[in-house]
Amino acid sequence: MNVPANLKYTKDHEWVSLEGDIATVGITHFAQKELGDIVYVEVETLDQTLEKEEVFGTVEAVKTVSDLFLPLSGEIIEFNDALESNPESVNTDPYGAGWMIKVKVSNLDEVDSLLSSEAYKELIGA
């Protein structure tokens with residue numbers, strides 16, 4: 001199971017990469033594997049400011065639709081437009097080309113509540 005050590009994670013199977021106060025967010029290898037083939041990613045919250053754990057979008061797989069929860073409070077400043085024509089990159093490269101949004105984080109103290117790679121591995125039994 002691919003769980004990069006340099007990222008932070010949520011109990012909802014999202015990953016976070018932080019550069020200053022900008023967080024890049026996507027779903028984990030575990031999540032995409034559980035969902036199966038991703039056919040659509042919808043984010044209608046671009047340019048909105050949301051609280052931590054609010055729904056910022058959905059990911060649709062062949063058999064199910066799952067909500068995406070914001071791991072850190074802030075303004076959604078970018079959506080990965082490439083996912084509109086190539087949603088399967090969430091399956092093939094969840095930590096790279098399959099990233100979903102960028103967030104201008106409003107409360108960096110919330111980062112402390114995210115899981116380390118070790119804690120996330122424990123959560124998923126890896």
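Values as computed for the structure displayed
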{"quantity": "Lone qualifier among TYR9, TYR40 - being open to solvent by 60 Å² or more (accessible area, probe 1.4 Å), on the phi < 0 side of the Ramachandran plot and of a type in the set (Phe, Trp, Tyr)", "calculated": "TYR40"}
{"quantity": "Checklist (1) in a helix (DSSP H, G or I); (2) open to solvent by 70 Å² or more (accessible area, probe 1.4 Å); (3) touching a strand residue (DSSP E or B) at 6+ places or on another chain (Cβ under 7 Å) applied to LYS104, failing item", "calculated": "(1)"}
{"quantity": "Single match in GLY20, GLY74, GLY26 (criterion: in contact (Cβ under 8 Å) with a residue 24 or more places away in the chain and more than 13 Å from the chain's Cα centre (by Cα))", "calculated": "GLY74"}
{"quantity": "Failed criterion for ILE76 (all others in (1) touching an Asp or Glu at 6+ places or on another chain (Cβ under 6 Å); (2) within 24 Å of SER116 (Cα to Cα) hold)", "calculated": "(1)"}
{"quantity": "Of all residues making up the stretch 74-101, the number that are touching a helix residue (DSSP H, G or I) at 6+ places or on another chain (Cβ under 6 Å) and either modelled with pLDDT under 95 or buried (at least 16 other Cβ atoms within 10 Å of the Cβ) (or both)", "calculated": "4"}
{"quantity": "Selection status of GLU14, acidic (Asp, Glu), more than 11 Å from the chain's Cα centre (by Cα) and under 14 Å from GLY98 (Cα atoms)", "calculated": "no"}
{"quantity": "Residue match in the stretch 27-36 (condition: farther than 22 Å from GLY125 by Cα and part of a loop (DSSP other than H, G, I, E, B))", "calculated": "no"}
{"quantity": "Out of ASP112, ASP81, sole residue that is over 13 Å from the mean Cα position of the chain (by Cα), under 26 Å from MET1 (Cα atoms) and of a type in the set (Asp, Glu)", "calculated": "ASP112"}
{"quantity": "Count of the stretch 43-73 residues which are of a type in the set (A, V, I, L, M, F, W, C), open to solvent by 30 Å² or more (accessible area, probe 1.4 Å) and at pLDDT 95 or above", "calculated": "4"}
{"quantity": "Extreme residue, farthest from HIS29 (Cα to Cα), among residues of the stretch 1-17 that are in a strand (DSSP E or B) and either at pLDDT below 95 or hydroxyl-bearing (Ser, Thr, Tyr) (or both)", "calculated": "SER17"}
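The values are calculated or read from the model by the stated rules, or taken from the named source; none is laboratory data. None of these values were measured; they are calculated from a predicted model. With ideal geometry, Cβ positions are generated from the backbone for all residues, glycine too; neighbour counts draw on all protein chains shown. Accessible surface areas use protein heavy atoms only, side chains included; no ligands, DNA or RNA. Shrake-Rupley method; radii C 1.70, N 1.55, O 1.52, S 1.80 Å.
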